[in-house]
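Okay, structure first, notes after.
The values are calculated or read from the model by the stated rules, or taken from the named source; none is laboratory data. Computed from a predicted structure; not experimentally measured. Glycine gets a Cβ as well: all are built from the backbone with ideal geometry, and neighbour counts include every protein chain shown.
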Amino acid sequence: MDITEPTVDVTVTAEGVIDNSDEISINIVFLICTIIMLCMGLVGNVLVIGAVLVHRRLRVLGNVFVINLAIADMCVTIFVDTFSIVGIATDGRFFDTQQALCDMVGVICVTSCSCSMWNIGHISLNRYMRICHGKLYPRVYNRRTIPFILAVTWTLCFLIDLPNLVGWGAHAFDARIMMCTYDYTESYTYTLYFIGWGFGFPLVVTSYSYLRIIYVVKQAERNARKANDVQTVSKAVSGTTRPAGTSKESQKRVPRIGNTDIRLLRSVFTIWIVFLVMWSPYAITVLGDTQYLWPTDVYVVAVILAHTNSSINGILYAATNRHFREGYGYLIRRCLRGRRVSPGAVDTESTVLMRPQEKSTSTR
């Protein structure tokens, strides 16, 4: 059953023939964009997972959330985008007798999209805990707690969609965007619930984490400068030779931020900005169109932007993090050359892949 019966822009010619070329043009553009998103998302997220697994500088506990983000994004691209292509190609007729399949795609769509956004929040919170609460970090994030956090995350994201299965909302084929998703015309209160928990909550967590990181780091730098100034004056008056800036107080107040933290922080900050830009139009559209009268073009653009977010994270990692570029390079070379090269051969100081004989020499 269609979620909506959208008004189709048609033109009646002088001969009385109905011209629906505008609708066909929109569907063609939508189909091309969806195919591109599918290819980009599949390749990009596979590279992200592979890079974390093979690059020794990326094999840190916090990057489990990066892998989880890539898995959630792959669910969007592989399942949702694929069936979106089917819906566009058949003009929705494929789902006329496939309500159970449509429900399944809808569950995957809402759950994986929510999990993708929640993982961005997890990564930001993880960086905040590591930088601002270093002593507490190992107690919160360790090999025992991480699997539990991941399981709870997927469970809670499924619970965001659960109301659609018990009567509060519903899943249906959306004739505007040619895909199975939640029925935003069924219950406006559920739409508020989904946008609030699926989009708003991770946005608040991510924003808070970055603002606190900026505040704590700036405050620590300010305290360190004050401590240096006091010791400089003390040195001039008493003639002490103690180096400035080595007091226990100043060292205690300055968070230790390694290069790996900075790189991942830069990557996730970029992903957060893109996430905000990509998902805001969709949130504004489904919340603002209370009478469901907005043009189909608006919905199509909003959905393309939202799903593109799941396809470009791999590109964003490569653009902002040298270690991911190195990991991508290793994987691509390994696939093209078919050589048996140890993952440890990835040079963490450059993008050059060491030859097997060079690796043997360097380990002696």
Practice problem: Exactly one condition in (1) at pLDDT below 95; (2) buried (at least 17 other Cβ atoms within 10 Å of the Cβ); (3) not small (G, A, S) is not met by V166; state its number. | Solution: (2)
Practice problem: Please verify whether the stretch 21-39 includes one or more residues that are surrounded by 14 or more Cβ atoms within 10 Å (Cβ to Cβ), at pLDDT 90 or above and of a type in the set (F, W, Y). | Solution: no
Practice problem: Name, by its number, the condition in (1) surrounded by fewer than 18 Cβ atoms within 10 Å (Cβ to Cβ); (2) of a type in the set (S, T, Y); (3) more than 23 Å from the chain's Cα centre (by Cα); (4) under 24 Å from P163 (Cβ atoms) that does not hold for S187. | Solution: (1)
Quiz item: In the stretch 269-300, which residues are part of a helix (DSSP H, G or I), within 18 Å of I195 (Cα to Cα) and of a type in the set (D, E)?
Solution: none
Quiz item: Could you say which residue among G44, G134 is modelled with pLDDT under 95 and buried (at least 20 other Cβ atoms within 10 Å of the Cβ)?
Solution: G44
Quiz item: So is C180 buried (at least 17 other Cβ atoms within 10 Å of the Cβ), outside any helix (DSSP H, G or I) and touching a Phe, Trp or Tyr at 6+ places or on another chain (Cβ under 7 Å) or not?
Solution: yes
